[in-house]
Amino acid sequence: MGIIDILQSIIPAAIFFAAPLIFTALGGVFSERSGVVNIGLEGLMVMGAFVAIVSNLTLAGPLQSLDVWFDQSAPGFLSWLGIIQFGNLTPWVAIIIAIIISAIFSLVHAVASVSFRADQVVSGVALNFLALGVSLFLVNQWYGKGQTDMVEKPFYTADLWLLSDIPVIGPMFFTGYRTSYIAILLAFLVWFIIYKTPFGLRLRSVGEHPMASDTNGINVSRMRYIGVMLSGAFGGLGGAVYALTIAMNFSHATISGQGFMALAAMIFGKWHPLGAMGAALFFGFAQSLSVVSSTIPLLQNVPQVYLLIAPYVLTILALAGFIGRADAPKAIGTPYIKGSR
Amino acid sequence: MFASRFYNIVIPVISVILGLIAGAIIMLLFGYNPISGYAALWNGAFGDLYFTGETIVKVTPYILSGVAVAFAFRTGLFNIGVEGQVFVGWLAAVWVGVALDLPMILHLPLAILAAAVAGGLWGFVPGFLKAKFRVHEVIVSIMMNYIALYTCNAIIRSVITDNEDKTENVAESASLASEWLTQLTFSRLHYGFLIALIGAFLMWFILEKTTKGYELRSVGFNQNASKYAGMNVDRNIVLSFVISGAFAGVAGAMQGLGTFQFMSVNSGFTNIGFDGIAVALLGGNTALGSVLGAFLFGTLKVGALNMPSAGVPKELVDIVVALIIFFVASSYIIRWFLQRSKKEGK
């Protein structure tokens with residue numbers, strides 16, 4: 001087995017595992033850059049996964065029948081819409097709903113930590129409990145059991161037009177999930193927003209020195225609300241993508257620690273969108289190693305446990321060794337009280 | 001004005017009441033009877049001796065994991081790695097309990113000590129890296145959780161047993177189980193409860209009654225001031241993490257030597273550590289508060305298992321717990337209401 005074959009099996013798997021972490025870590029960047037700690041990323045992913053699965057299960061049927069309607073009985077002037085495969089849009093619709101609901105759900109954290117001046121760590125922990133409680137309560141309520149059925153319309157891998165035909169690199173990078181490409185593109189977009197736009201400057205400034213921002217006429221509370229809600233949207237997206245590419249159903253164990261890994265990726269990436277993406281890709285890479293190891297001659301005889309703990313050990317070593325210290329945004333964790341010094 | 005001590009007691013109580021009311025409203029919205037729901041919860045936790053016993057069994061590790069989180073919090077550290085420290089403590093205790101053959105007076109303390117040492121070592125890593133390299137303790141602790149999970153599984157599978165999914169039961173001389181408690185309640189109630197209370201007492205004693213504890217709290221309040229006063233901040237950070245980890249390790253020992261008597265391969269986390277965060281926060285990061293918080297938490301969790309008998313999904317309790325934590329966190333707003341109502345009363 002040549003090195004290229006090995007890379008061709010590892011790299012797609014790495015990107016595949018990394019995508020949900022990238023989304024969620026980007027959400028964390030928004031929230032923490034605005035000065036609000038977000039331990040609740042885990043809960044936001046839970047909410048996203050839950051909403052995505054439920055809306056996918058609920059909408060798959062109706063959207064499918066829309067296709068049939070357009071094919072058979074739609075009035076002539078609408079028939080061109082029949083080209084759209086509404087049934088196949090189901091997962092996309094599901095993640096959009098998940099984004100919206102999770103952003104609204106994150107308002108709980110925003111209200112508590114910005115308006116009520118709650119301890120942000122406590123509020124984030126509560127968010128995790130609340131997401132799990134609400135989602136499992138509703139699953140029990142709606143489906144009468146502890147977990148949902150498997151979705152019938154998940155995301156599938158698809159070759160990216162033309163690019164997948166490039167020799168060697170094509171199969172490595174361009175035959176995965178659409179959502180993975182979106183994750184990587186979004187990381188660059190978020191970098192642009194945070195470092196190159198007035199909005200990003202304001203967001204960072206309320207996280208570094210809210211009093212100075214306030215003096216300059218920036219509405220600190222409003223920026224922080226936006227930061228937290230964006231983290232809700234992105235966390236929800238991460239959870240939704242995890243649910244519709246990896247888990248396929250929702251139960252108490254669907255999201256177990258991915259949110260914390262995303263948090264780690266964000267800190268590892270020094271609160272920088274591209275750094276967070278790099279860290280998430282690294283976690284994905286390490287995770288893929290333990291999954292595909294059985295097919296790689298060099299790793300075949302290594303006991304599984306070493307490969308399982310490798311990503312975590314490597315992260316610790318990297319942090320202690322050559323990444324150096326990372327400083328959080330200065331005003332992180334402290335509520336801004338007008339008029340106080 | 002109210003004294004702050006008064007608030008420290010009143011706010012959790014109000015939060016719990018508000019949380020329970022919110023739970024009742026949710027039950028009403030979904031067409032359940034909140035009175036029979038809560039009655040089922042109460043019966044599920046204290047309905048007879050068996051349930052009471054199981055509740056205390058659940059409370060025992062919560063006290064210690066809550067104490068572990070609270071102890072670190074008091075030094076200004078967030079130990080989110082209690083979960084992993086519980087794992088290694090559990091494993092160490094069971095390992096000593098299975099492998100050695102000693103009289104009880106030595107065996108049992110040795111097993112518990114092994115758990116404390118293992119948990120302490122696991123806590124040492126994030127503490128040391130924080131002190132030495134300023135690495136964020138949260139991220140290292142999270143990583144250590146996963147390392148603990150997978151390493152413990154591997155040790156159970158290939159070192160302690162021969163490809164089994166769980167260890168043998170610990171020797172009787174290392175067991176916390178008690179015949180008469182079992183006969184009294186028919187539950188898995190064991191003596192670990194007393195050890196948990198001793199743990200909470202130790203936390204209070206170390207923090208409030210020793211010089212070292214004063215230093216630890218001082219570092220938690222203000223690192224620069226502590227440094228200026230001649231304290232070794234780095235060493236205190238490490239020490240705090242080690243002690244916190246030791247408490248967490250003993251929480252694992254309660255599971256290994258008391259509740260289960262063995263350790264099995266886990267596919268995921270037990271949540272004892274993560275729930276410990278909630279317990280500590282509920283208890284305002286004090287020893288007594290953690291004990292009370294653990295009681296509330298354990299009661300709700302065990303009682304919840306009986307709620308389906310009133311038709312209510314048991315997950316309702318998770319919502320209630322989350323809301324209680326939110327209310328505790330938002331103490332500012334409760335304080336504001338209290339103060340306003342007092343002013344108007346005058």
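The values are calculated or read from the model by the stated rules, or taken from the named source; none is laboratory data. Owing to the predicted nature of the structure, the values given are computational and were not obtained by experimental measurement. We place every Cβ from the backbone using ideal geometry, glycine too, and count neighbours over all the protein chains shown. Only protein heavy atoms, including side chains, enter the accessible area calculation; ligands, DNA and RNA are left aside. Shrake-Rupley method; radii C 1.70, N 1.55, O 1.52, S 1.80 Å.
General observations
- Some residue of segment A:266-287 being surrounded by fewer than 19 Cβ atoms within 10 Å (Cβ to Cβ), in contact with a helix residue (DSSP H, G or I) (Cβ under 7 Å, 6 or more places away or on another chain) and β-branched (Val, Ile, Thr): no
- When B:Ile237 is tested against the conditions (1) of a type outside the set (D, E, K, R); (2) surrounded by 21 or more Cβ atoms within 10 Å (Cβ to Cβ); (3) under 14 Å from the mean Cα position of the chain (by Cα), the lone failure is (3).
- Just so you know, in segment A:128-182 the residues that are without any contact (Cβ under 8 Å) to a residue 12 or more places away in the chain and outside any helix (DSSP H, G or I) include one that is farthest from A:Thr90 (Cα to Cα), and it is A:Pro167.
- Those residues of segment A:183-199 which are out of contact with any His (no Cβ under 8 Å at 6 or more places or on another chain) and in contact (Cβ under 8 Å) with a residue 40 or more places away in the chain, in sequence order: A:Ala183, A:Ile184, A:Leu186, A:Ala187, A:Phe188, A:Val190, A:Ile194
- Where helices (runs of 4 or more DSSP H) fall entirely within segment B:73-182, those with at least 3 residues that are open to solvent by 60 Å² or more (accessible area, probe 1.4 Å) are at B:104-133.
- Which listed residue is at the interface with another protein chain (Cβ under 9 Å from one of its Cβ atoms), β-branched (Val, Ile, Thr) and open to solvent by less than 40 Å² (accessible area, probe 1.4 Å), from A:Val292, A:Val305: A:Val305
- For segment B:265-274, the count of residues that are of a type in the set (Phe, Trp, Tyr), open to solvent by 10 Å² or more (accessible area, probe 1.4 Å) and free of Cβ contacts under 8 Å to residues at least 40 places away in the same chain is zero.
- Condition check for B:Arg188 on (1) open to solvent by less than 40 Å² (accessible area, probe 1.4 Å); (2) part of a loop (DSSP other than H, G, I, E, B): one failure, at (1).
- Some residue of segment B:225-248 being within 28 Å of B:Phe46 (Cα to Cα), part of a helix (DSSP H, G or I) and touching a residue at least 40 places away in the same chain (Cβ under 8 Å): yes
- The requirement of being within 8 Å of chain B (Cβ to nearest Cβ), more than 16 Å from A:Gly333 (Cα to Cα) and open to solvent by 10 Å² or more (accessible area, probe 1.4 Å) is satisfied by A:Leu130.
- Of the helices (runs of 4 or more DSSP H) entirely within segment B:252-346, those holding at least 3 residues that are within 9 Å of chain A (Cβ to nearest Cβ) occupy B:272-282, B:316-329, B:331-345.
- Selection count where residues are at pLDDT below 80 and open to solvent by 40 Å² or more (accessible area, probe 1.4 Å), scope segment A:323-337: 3
- Which numbered condition A:Gly176 misses (of (1) in contact with a Pro (Cβ under 6 Å, 6 or more places away or on another chain); (2) modelled with pLDDT of 85 or more): (2)
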